[in-house]
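The block underneath contains the structure these notes are about, expressed in C-alpha cells.
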Amino acid sequence: MNDDERRRSIGRPAGATPGSGAGWRLLIQTMATRKAGLAIGIVVGLGWAAGRVAIPLLVQLGIDRGIENAAESDEGWRAVLPWAAAIVAAGVFSGIALGLRRYIAFRNARAIEARLRDRLFAHIQRLHFAFHDAQTTGDLMSRANTDLQQFQNFISMVPMLIGSVITVVAVAVIMLVIEPVLAALALVGLPLVYLLGRAFSTRLFPTVAEIQQRSADLAAVVEEAVGGVRVIKGFGAEPLQVDRLGQAADRVHDAGFRALAIRSRFLPAMEVAPNLGLIIVLAYGGSLVLDGRLTIGQLVSFNAYVLLLVQPLRTLGMGVTTGQRSAAAGVRVAELLATAPVITQPRRPTELPPGPPRGRVEFRGVGFAYEAGRPVLDGFDLTIEPGESVALVGPTGSGKTTVANLIPRFYDVDDGAVLVDGVDVRDLRPQHLRRQVGLVFEETFLFSASVADNIAFVDPEASMGDIRVAAAAAGADFVDELPRGWETEVGQRGYGLSGGQRQRLAIARAILADPRVLILDDATSAVDPAKEHEIADALAGVMERRTTIVIAHRPATVALADRVILLDDGRVVDQGTHDELIATNATYRRVLALTPEGISG
Ligand SMILES: Nc1ncnc2c1ncn2[C@@H]1O[C@H](COP(=O)(O)OP(=O)(O)OP(=O)(O)O)[C@@H](O)[C@H]1O
Ligand SMILES: [Mg+2]
C-alpha cells in the first residue's frame, strides 16, 4: 500500500495533510490555552532578567560613586555599603525569580502536556475502526509520548527564552548608551556564541536520540534474554545471546562516544568565544579609561555585561533548535488530530423508538468494501425480527464478522442501509446506537480490574445483584469458586483465567448493558465443548427477551437459534432451521463439519 492509499484508507480528507506550519500552529494554539500561566511565567522571567542586568550597573555605580565618595568624605568604606547592599538585593531578587520561573515554567509545561495528551487520547478514541485497522500501536504510542515530551520541553523553555531575549536587548542598549564604539566592538564576537549554541544542539540532538534508541534496544535484548530464557537454554543458544547483548552494548557505547566527541568539540569553543569580547573590552576600553573618556566602573560593568550575555545567547541558540524539534513533533501530533473521524454524528440525530417490540435488524441492499474495488458485501438483504435468534454460518472469510460490524456502525456502508428498529443507523448518535447493540468478539479484552468491575464496565453503578444475574445468564458460574470470588483481579495482572472463562465474562459484560441486539461473534469458541449443555443453557438464557445474532461453528450452538442464515462470499445462500439445512444443504453440512470447531463440537 503506498502512502496515498494509506492516507485514504485512514479517512483523512484529501488536501488536509498538515505541513510544517501545522506544528507551530499547534504549539501556539496549545500555549494559548494557558495564557495566564504563561504570562506569569514571562513576568517572573523578566524580573529575573532585570535583576541580572541591574547588577553590573550597580557595580559600576558602586565603583564610580561609592569609592569616589569614600575618598572625598570621611565616611570611609561605609560609603560603599549602600551599593553593596543594592547588589545583594538585586542578586537575591533575581535568584528568587529564577526559582519561581523554573517552577512556573514546568508547571505550565506539565499542564499543557496533560491537556494535549487528553485531547489526543480522546481523539484517538473517537477515530473509526478503519483508522485503527491501518495504524500500529507503536506509532500511536510514540506520538502520544515522545512527541508530547518534545512539546513540553519547548514550552518549559518559553519564559527563559523570553527572559533571554530581553536580557540581550537590554544589555546591548545599556552598553551602546554607555559607549557606542566599545559596545559595537565588544558585541562583534557574540553572534558566534549564538551560532555555536545552535550548531551544538543541532549536532547533539540526533546522537542523544540515538543513545535513547540504542539503550531501548539494549533493554529489549536483556528483556528477551530473561523472558525467553527457556527457549535460549533449550537450544543451547547462550553464547549467541551473549554475542547479541555485546553488540547491543557496543552500539550504546558508540553512540555515547559520538555525543561525547560533539560535546568536547563545542563546549570549549563556547567557553572561549566570549573571551574575544573581553580582550577587546580590555584593550580598547583600557585606552578609553586612560584618556579619561570611560570610568573604571564603566569598564568593569562592560566586562560583566559581556560575560552576562554568554548564557542567554547560548540559550537562544539552543532554544531555536528545541523549537524546531518540537514543531516537527507537533506536525506528527497535528497530523493525528487532523485525521477526521469517518463515522460522523448525524446533523439531526433521532432516537430509537422505545418499543416493544425492540430489536428488529434490517439490511437493505447493502454494499460494503474495506478497500475500494474489493467488495465484501454486494446487494446484501437480511431481516431479523425483534426477539428472534439467528445463527450466521459460513466459511471463513464469507463476511460474517463484516455483517456484525455494520450493525453498531463500526464501518459505514457504501450502498443501501442498515436499520435498527426501522431507523437508519447513520441517523442515530453512534454512542446511543452502540449502547443498544452489544457485540462480543472471539478475542476478549479484560481490563486490569476485578471480575465484578469487568462485568460492570459499561455501568460502574450496577449493583452486585445485576452483576450476578448477568454472569448467571452468561454461564459464568465459575466466579464463586475463584479464590477471591468477584474481587479476583483479572487482565494483565492477577489471576489468570482460561480462554472460555474470559469469554463468558465478556458475554456477561454485554448482557449487563441490556442491549436490544446482542451479537456473539465466535464468542463461545473457547468454551469447553464437553460443557456443551452448559453453554446451551447459558445461551438459551441470553437469547430470551432480545434479538440475538450468534456467529458460531459448533452444531450444538447453531442449533439453538430460531433460524440459521448460511452465508457464502458475502451473500445469503440459504436459510432455515438447523435441521432443515442439515437435511437439504450440502454446503451447510460441509461448513459445519469441515471447520475445526465443527469437528470437535
Ligand atoms: N479490517 C479489514 N480490512 C480489510 N479487509 C478485511 C477486514 N476485515 C475483513 N476483511 C476481509 O473481508 C472479508 C470478510 O471477512 P470477515 O471477517 O467478515 O469474514 P468472516 O466470515 O467473519 O470469517 P471468519 O469465519 O474467519 O471469522 C475477507 O475477505 C477479509 O479478508
Ligand atoms: Mg469473523
Counting only DSSP beta bridges fully inside the chain, the antiparallel percentage to nearest 5 is 50
Set of region 205-228 residues, backbone N closer than 16 Å to the point 7 Å along the Cα-Cβ line of Ala237: 220-228
For the chain, what does -39500 (n - 2.57) per DSSP helix run (n ≥ 4), summed and divided by total residues, give at 222 nm, in deg cm²/dmol to the nearest 500? -20000 deg cm²/dmol
What angle, in degrees between 0 and 90 and rounded to the nearest 10, separates the Cα long axis of helix 464-473 from the longest principal axis of the Cα atoms of the chain? 50
For the chain, averaging the sequence separation of alpha carbon pairs under 8 Å that lie six or more residues apart and dividing by its residue count, the contact order in percent is 15
Considering the options Leu267, Ala209, Phe235, tell which one lies farthest towards the positive end of the dipole of region 180-293, charges being +1 on Lys and Arg and -1 on Asp and Glu at the Cβ, about the Cα centre. Leu267
Give me the angle, in degrees from 0 to 90, between the Cα long axis of helix 21-31 and the longest principal axis of the Cα atoms of the chain, rounded to the nearest 10. 80
Whose amide H sits under 5 Å from the amide H of Val564, counting only residues 5 or more places off or on another chain, with H placed in the peptide plane? Ala391, Gly576, Thr577, His578
What GluC sites (Glu not before Pro) in region 459-514 are in a loop by DSSP, with at most 10 other Cβ atoms within 10 Å of the Cβ? Glu461
So who's got an amide H within less than 5 Å of the one on Gly359, skipping anything under 5 residues away but keeping other chains? H placed 1.01 Å off N, in plane. Asp421
Percentage relative contact order, region 361-600, counting C-alpha pairs under 8 Å, at least six apart: 26
Mean separation of Cα contacts under 8 Å (6+ apart) over length of region 457-523, as relative contact order %: 42
Backbone HN-Hα couplings from phi across region 476-484 [Karplus 6.51/-1.76/1.60, Hz, Gly and Pro as x]: 8, 7, 6, 4, 4, 8, 5, x, 10
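Read the figures in this text as sums done on the coordinates, not as results from a lab. All figures in this text were calculated on a predicted structure; none of them were measured in a lab. When we count neighbours, we look across all protein chains shown, and the Cβ atoms used for this are built from the backbone with ideal geometry, even at glycine.
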